[in-house]
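Visitor: The structure follows.
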Amino acid sequence: MKNTVNVPAGGQVEAEVYADVAKPDMAVGPSRFTLPGLWAGIQDKIYAESQETMKYNQKVKYIIGQSDIDNAVNQLKNDLLANAKNEVGQAYKDYAQALFAVDNNSVSQEIDGKVGEEKEKFNIKMKTMVAVVAFNDEEVYSQTKDNVAATLADDKEISKFDKADISYVLENFNISRGTAIVKIDFIAQATLKDGAKAVKKNNLAGLSYDQVKTYLNSLPEVAGYQIKFFPSFVKKAPNLADRIEVEIKK
């Protein structure tokens, strides 16, 4: 009970009440309540009764944290970057690649809040320059492909290397010098120039099905395989290597 009240004999009085421990499950509907410590024999005559549903209200305090400011700044940079792409991207349509990045050295910002301040919302104003690096990627593609081929062993060759498998990330730039560092990520596939040499038939002669699997699994050049015995009831490879057929699919 919020305040002390005096109830006349046989009478009743309205009063404000609150829960000792405020919890969501205390928000009950109209109910009858017993008074703590009251003798059970008179609890049906002296009691409290609520006419309305109890309400549970929660007051939330918002405190600005450093992560809130950092996340807001990063989000605003991304928004400014997206706006720059929409506004000036058309000017670089003749280039195969156009990479955009915020120049962090040019960023100026105003924040109407500080770490530890109790505030539900805060505003950030930011100004920055956006750097654009545009280029045609044909030469990059050719040079990268040549570099990959140069790293392969003599018995291997590139089987798949497409422009669509290359991605570019603008890592660093110097506006005054007009230079930039671009990171290239790509996916390439290589195969043996003569795949049949990867599997030596002499090593298969006389092996059981499980032994053939063990041998093929030990070869890093083999990505997958299918084993067939003929006739089907035969359960081991021929003892003569020239009776074994190896078919390579690239």
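The values are calculated or read from the model by the stated rules, or taken from the named source; none is laboratory data. Because the structure is predicted, anything quoted here is derived from the model rather than measured. FYI the Cβ positions are ideal-geometry reconstructions off the backbone, even for glycines, and counts take in every protein chain you see.
Visitor: List the number of the failed condition for G116; all other conditions in (1) closer than 30 Å to Q66 by Cα; (2) among the small types (G, A, S); (3) surrounded by 12 or more Cβ atoms within 10 Å (Cβ to Cβ) hold.
Guide: (3)
Visitor: Can you name every residue in the range 176-219 that is surrounded by fewer than 16 Cβ atoms within 10 Å (Cβ to Cβ) and in a loop (DSSP other than H, G, I, E, B)?
Guide: Scanning the range 176-219 gives S176, R177, G178, I187, K193, D194, K200, G206, S218, L219.
Visitor: Additional query: From the residues in the range 1-27 that are of a type in the set (D, E) and at pLDDT below 80, which one is nearest to S50 (Cα to Cα)?
Guide: E16
Visitor: Answer yes or no: is there a residue in the range 72-86 that is part of a loop (DSSP other than H, G, I, E, B), over 30 Å from Y141 (Cβ atoms) and not polar (S, T, N, Q).
Guide: So far as the range 72-86 goes, no, none of its residues is part of a loop (DSSP other than H, G, I, E, B), over 30 Å from Y141 (Cβ atoms) and not polar (S, T, N, Q).
Visitor: Output the number of residues of the range 164-178 satisfying the condition of being within 25 Å of K145 (Cα to Cα) and out of contact with any Phe, Trp or Tyr (no Cβ under 8 Å at 6 or more places or on another chain).
Guide: Narrowing the range 164-178 to residues within 25 Å of K145 (Cα to Cα): 164-173.
Of the ones still in play, those that are also out of contact with any Phe, Trp or Tyr (no Cβ under 8 Å at 6 or more places or on another chain) are 164, 168-169, 171-173.
Count: 6.
Visitor: Scan the range 51-62 residue by residue and report those that are at pLDDT 80 or above and surrounded by 10 or more Cβ atoms within 10 Å (Cβ to Cβ).
Guide: Y62
Visitor: Another one. Kindly indicate whether L170 is surrounded by 12 or more Cβ atoms within 10 Å (Cβ to Cβ), more than 30 Å from L80 (Cα to Cα) and not assigned by TED's automatic domain parsing to the domain that holds N86.
Guide: It is false that L170 is surrounded by 12 or more Cβ atoms within 10 Å (Cβ to Cβ), more than 30 Å from L80 (Cα to Cα) and not assigned by TED's automatic domain parsing to the domain that holds N86.
Visitor: For the range 141-159, name all the residues that are among the hydrophobic types (A, V, I, L, M, F, W, C) and either in the same structural domain as P220 (by TED's automatic domain parsing) or assigned to a loop (DSSP other than H, G, I, E, B) (or both).
Guide: Across the range 141-159, the qualifying residues are L152, A153.
Visitor: Continuing with the same structure: List the residue pairs whose Cβ atoms are under 8 Å apart, where the first residue sits in the range 33-62 and is without any contact (Cβ under 8 Å) to a residue 24 or more places away in the chain, the second is of a type in the set (V, I, T), and the two are 6 or more positions apart or on different chains.
Guide: L35/I46; L38/I46; Q43/T34; Y47/T34
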